[in-house]
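Contents: one structure, followed by commentary.
Values in this text are rule-based calculations from the coordinates and carry no lab data. None of these values were measured; they are calculated from a predicted model. All Cβ positions, even for glycine, are placed from backbone atoms using ideal geometry, and neighbour counts span all protein chains on display.
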């Protein structure tokens, strides 16, 4: 049985959590394969909103197992908070949430280094969420990180202290920042008890055995493809591989095990933090997109930058991910617009191109747009594709034709029920 993949095709915040939650009953195991608590997957049902940062979005479905894979970096404090919220919501997760022993841990001093490094950059900040993600992945590649399996070892305290001391030495190159290490460390140590209460597994063996047994697995990505460390808008990226290739390294599965790749895109485009954003709007239209879409980060609360959908950018991430199905979210946000636009090409240095330039961070890009009439009516209550306003269907069909990937789902609101299935 193949591993299906779900991931974001833009700069994150595409609505992955809701789609994973919807699809989860079709699978036996939902597995997060990369990222850390800088992710914010929002789910809304039964009149309540939940935001997950580390735990897979299938946790609210009672029959599904959920795995935090070895490609994820875990802050025990954040994880404990999430688990407490699940308990308050009456979610029985104890026998359904597994954690890979090889997943790396975010220490308090990782967050300290993150804050100090970002503060030292001044106007050159990359827009870090200050969750310690980057320094943790640096220790992982530097081969001296701490992993979940280490918290069960007799020499754990010694390993922790050695890494902490290394961080404190590194921090001397940065200006001081307001960070109470002793207080954070105490809370971190206490939170390990919650982590120890989960079921640790050798993730790669667990997943591959499940595949042999014919179990259906959905791999859940975090952030968005344009934040991939290798193929995103470097250096304004995250520290892990957010694309399909990250499933193989993040869960320990081989490439031939990958099945469907479900890519998610908003009907427009947003970005949080610094970095290039070719279709960003700085006018009232951009403000209106932000207001209508409630575009504020689920993790940081920061207002998101907003713009029209960028088709060259989407073609790029569809290509590097091998996307087989497309999900369009937040179509309802466009209800109020008399005109909807989509960038179909770029003009760079007098040349027209549909490719993202290597030096996208340093060149001026002028998007070239196609315009579509707005439908100017509510999509509330619409449950099937044929009932969409004809103009809205025309917009979806135009996206499908340009991107050459079938749209199979359309989201018209944050609630679990507001999802339109479309035959490919």
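Using per-residue counts of other Cβ atoms within 10 Å, averaged over each peptide, order 81-94, 402-415 from highest down.
Ranked from most to least packed, the peptides come out as 402-415, 81-94.
Write down the Kirkwood hydrodynamic radius of region 259-375, to one decimal in angstroms, obtained as one divided by the mean of 1/r over all alpha carbon pairs.
After inverting the mean inverse Cα-Cα distance, the result is 15.2 Å.
Expressed as an acute angle from 0 to 90° and rounded to the nearest 10, what is the orientation of the C-alpha long axis of helix 284-293 relative to the principal long axis of the chain?
Orientation of helix 284-293: about 60 degrees from the principal axis.
Going by a ≥ b ≥ c, the root eigenvalues of the Cα gyration tensor, does region 126-169 fall in the rounded group (a/c under 1.5), the prolate group (a/b larger than b/c) or the oblate group?
Judged from the Cα gyration tensor, region 126-169 comes out prolate (a/c at least 1.5, a/b above b/c).
Using 0.36 nm times the number of residues separating residue 144 and residue 256, minus their current alpha carbon distance, what extension gain do you get?
Working it through step by step, the gained length comes to 37.2 nm.
So in region 20-134, what percent of DSSP beta bridges are antiparallel if you round to the nearest 5?
Counting DSSP beta bridges with both partners in region 20-134, the antiparallel share is about 35 percent.
Antiparallel versus total DSSP beta bridges in region 1-84: what percent is that, nearest 5?
Here the antiparallel bridges make up roughly 50 percent for region 1-84.
List residues of region 323-341, by number, whose backbone nitrogen lies under 17 Å from a label position 7 Å along Cα→C-beta of residue 284.
It comes to 336-340, nothing else.
Please report how far the C-alpha centroid of region 316-363 lies from that of region 259-279, rounded to the nearest whole angstrom.
8 Å
Over the chain, calculate the relative contact order: mean separation of alpha carbon pairs under 8 Å at least 6 apart, over the residue count, as a percent.
This gives 20 percent for the chain.
Order these peptides, 251-263, 385-397, by their mean beta-carbon neighbour count within 10 angstrom, highest first.
Result, highest mean Cβ count within 10 Å first: 251-263, 385-397.
Provide 248, 306 in ascending order of the number of other Cβ atoms located within 10 Å of each residue's Cβ, fewest first.
Result, fewest neighbours first: 248, 306.
Where in region 314-353 does the label zone of residue 391 land, with the point 7 angstrom along Cα→C-beta and an amide N cut-off under 16 Å?
Within reach of a label on residue 391: 331-342.
Work out the P(r) tail for region 195-238: percent of alpha carbon pairs separated by more than 18 Å, whole number.
57 percent
Which shape class applies to region 159-250: rounded if a/c is under 1.5, otherwise prolate when a/b exceeds b/c and oblate if not, where a ≥ b ≥ c are the square roots of the Cα gyration tensor eigenvalues?
Oblate, because a/c is 1.5 or more while a/b does not exceed b/c.
Cut-off 10 angstrom, C-alpha nodes, Gaussian network model of the chain. Which of 332, 359, 228 fluctuates the most?
Among 332, 359, 228, the largest GNM mean-square fluctuation belongs to 359.
Any idea what angle helix 203-212 forms with the longest principal axis of the chain, computed on alpha-carbon atoms, 0 to 90 degrees, nearest 10?
In the chain, helix 203-212 runs at an angle near 60 degrees to the longest axis.
Using DSSP, restrict attention to beta bridges with both residues in the chain and report what percent are antiparallel, rounded to the nearest 5.
40 percent
For the chain, find the longest principal axis of its Cα atoms and tell me its angle to the long axis of helix 76-88, 0 to 90°, nearest 10.
That helix lies at roughly 70 degrees to the long axis.
When a/c is below 1.5 the answer is rounded, else prolate if a/b is larger than b/c, else oblate, so apply that to region 58-147 with a ≥ b ≥ c taken from the square roots of the Cα gyration tensor eigenvalues.
prolate
With Kirkwood radius over Cα pairs in Å in mind, check (1) 22.9; (2) 22.1; (3) 24.9 and report the label derived from this structure.
After the calculation, the listed value that fits is (2).
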